[in-house]
Amino acid sequence: MKAAAGSLCVAALVAGAGLTAVAETDEARDLNGVWTNASATSLERPEQFDALVVPQETAEAMKAAALARAAEANAPSDPDAGAFEDANSVAGYNAFWTDPGRELTRVRGEARSSYITSPADGRIPFIDRAESLKEPIREGLEYRSGGGAYPGPEDLPLRERCLIAQSDGGGPVMLDGLYNNNYEFHLTDDHLVINVEMVHDARIIPIHDSASAARAAHKPDAVMPWLGDTVAWWEGDTLVAETRNVHPVQSVRTRTPLTPDGVVTERFTRLADDELLYQFEVVDPNHYTTSWSGEYTFRPTGGRVHEYACHEGNYSMAGILAGARLKERD
């Protein structure tokens, strides 16, 4: 559901051991603000496009068509028309609840057909796509059908348990979804905090004085947090973040799966007042034939991030587990 009214404050951070004050206060390094990555562009390039850059006239036509569809879907209903027939009974939401973005993402003014820029075909170079994505595929089928074997609470999908953003909004890689695609960035001398609207994830990224110092500060391999173990450093005016050891439950239930051998590198660069460039590279020899990378642009929202209240999961879990007990009795 959409966020409930309220506010969320990020607590003041205490600098950790080995951190140094390296972030400057000039405008080039200012990542602060409330941003959105809502976009009609997808991670991988759809078959309708044959190039990364979309011609201006095509991008404008797509935006106009999307706005027209949204206006039609959100038009008032006729109260005298009688009961309507549900044309899509397996849909989780109607148009009122969704806000995926109405136009293609633009990077330095160019409309893009995919976030992925390498490989050139805009597709993730899976070794075995079906195997790497078997958990998301299974959960997607169960979500649409309403049927699934969930004997215990930890068997439920992350979206039902309300643990982290089901849209991969918290990363790595940080991706957009059907709604709640807003982020609040707080940059201090030694941390970047990203408050993610979807499921109120909080990425707390320590910033070190060099790449070598940051990598030396990675947690032991046995420590595998939600959203992974991320460290960062500055390269000029670009903040570089390196993530490894993503929580094992998350690492297989994502569009960008990772094993313990995998590493995601993200780059944050302020290009203009209204443009924050986000770039990423994914390396994992167990899932991908080669490294792959991409980019998109965060844009200002002009508003605030409000509290996300995930009540669907809170109430549905009891019913789902009760159904599992009923199946066992049967």
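For segment 100-174, the helices (runs of 4 or more DSSP H) that sit wholly inside it and include 3 or more residues that are exposed (fewer than 13 other Cβ atoms within 10 Å of the Cβ) are 134-145. Which of the residues spanning segment 107-130 are among the charged types (D, E, K, R) and touching a strand residue (DSSP E or B) at 6+ places or on another chain (Cβ under 6 Å)? GLU110 - this is the single residue of segment 107-130 that is among the charged types (D, E, K, R) and touching a strand residue (DSSP E or B) at 6+ places or on another chain (Cβ under 6 Å).
In the condition set (1) of a type outside the set (Phe, Trp, Tyr); (2) more than 19 Å from ILE116 (Cβ to Cβ); (3) at pLDDT 85 or above; (4) surrounded by 10 or more Cβ atoms within 10 Å (Cβ to Cβ), ASN74 is compliant with all but (3). For segment 236-251, taking the residues that are assigned to a loop (DSSP other than H, G, I, E, B) and in contact with a Leu (Cβ under 9 Å, 6 or more places away or on another chain), the one that is surrounded by the fewest Cβ atoms within 10 Å (Cβ to Cβ) is identified as HIS247. Name the residue that is surrounded by the most Cβ atoms within 10 Å (Cβ to Cβ), counting only residues in segment 252-262 that are closer than 20 Å to LEU163 by Cβ and among the charged types (D, E, K, R). Applying the filter and picking the extreme gives ARG253.
For segment 80-115, residues that are hydrophobic (A, V, I, L, M, F, W, C) and within 23 Å of ASN180 (Cβ to Cβ) total 7. Within segment 198-212, the only residue that satisfies the criterion of being more than 18 Å from GLY228 (Cα to Cα) and touching a residue at least 40 places away in the same chain (Cβ under 8 Å) is ASP209.
Filtering segment 271-330 to residues that are farther than 25 Å from PRO119 by Cα, free of Cβ contacts under 8 Å to residues at least 60 places away in the same chain and among the aliphatic types (A, V, I, L, M) leaves ALA272, ALA318, ALA322, LEU326. Residue count for segment 175-219, restricted to those that are under 12 Å from the mean Cα position of the chain (by Cα) and in a loop (DSSP other than H, G, I, E, B): 9.
The values are calculated or read from the model by the stated rules, or taken from the named source; none is laboratory data. All figures in this text were calculated on a predicted structure; none of them were measured in a lab. Every residue, glycine as well, gets a Cβ built from its backbone with ideal geometry; the counts of neighbours run over all protein chains shown.
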